[in-house]
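All remarks here apply to the structure that follows.
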Amino acid sequence: LYRHPIRGGDTKRLLAGVDSAVTFSPDGMQIAFIREYPTQGDRALIIANADGTGERKLNSHKSPEFYSVDGPSWSPDGKWIAFSSDRGSTLPFAHGRWEHLQIVDLYVVRADGSGLKRITQHGGFCGSPKWAQDSRHVIAYCMDAELTLNNRRAAPVPGSDTRLVAIDITTGVASEVRAGPGVKFNPVYVGSTVAYIRKDQA
């Protein structure tokens, strides 16, 4: 990981691991990112000071786990970090096929590592969580586990639409955000509206 001033200046290397998907805390004092351990086949969610010092793992999970490629998301009030992980998955096989299903849940955890909780119903796939300004709601894209096979292809298979889902982290209530058909992913709140990417059919 490197840090570079927006207005120009010297680039500084912060950390020398296999690190990616960095995000700053709202006050700019800390960073959260994903570190890979290639020899162990593992990944970890890491918190560090903005200058790269004081790094610490937030996950206590002992098995290799998947995280969304866009990494963790810090709540606007700085109290919570949302992330997606397959830590609860047994990698079941797809029906009538040899491929494993990718079952991924959304979690939130406090920046000090406490309060970890799953906020999605287990059994499907939800990824790329992003926060609303109220620091209470998280939006993500979700799909049935069977659809993860179809949506790995360069062109979506017709009928493999994903859903945009807003989740209240306090009550656990999930509400679908109406966004039309298609393979939608990477949603983000823009004021009172939602922006997202859609993969078109070939």
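The values are calculated or read from the model by the stated rules, or taken from the named source; none is laboratory data. None of the values given here were measured: they were computed from a predicted structure. Every residue, glycine among them, receives a Cβ derived from its backbone with ideal geometry; neighbour counts consider all protein chains shown. For the accessible areas, the whole protein counts, side chains as well, though only heavy atoms, and no ligand, DNA or RNA atoms are used. Shrake-Rupley method; radii C 1.70, N 1.55, O 1.52, S 1.80 Å.
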Förster radius 30 Å - calculated FRET efficiency between Asp27 and Thr193 (Cβ-Cβ, nearest 0.05): 0.70
Glu176 versus Glu146, label points 7 Å from Cα toward the beta carbon: distance in nm? 1.6
Pairs Lys79/Lys130; Lys12/Lys130; Lys79/Lys184; Lys117/Lys184: which are spaced more than 20 Å apart, C-alpha to C-alpha? Lys12/Lys130; Lys79/Lys184; Lys117/Lys184
Tell me, what is the 1.4 Å probe accessible area of Asp168, in Å² to the nearest 10? 20
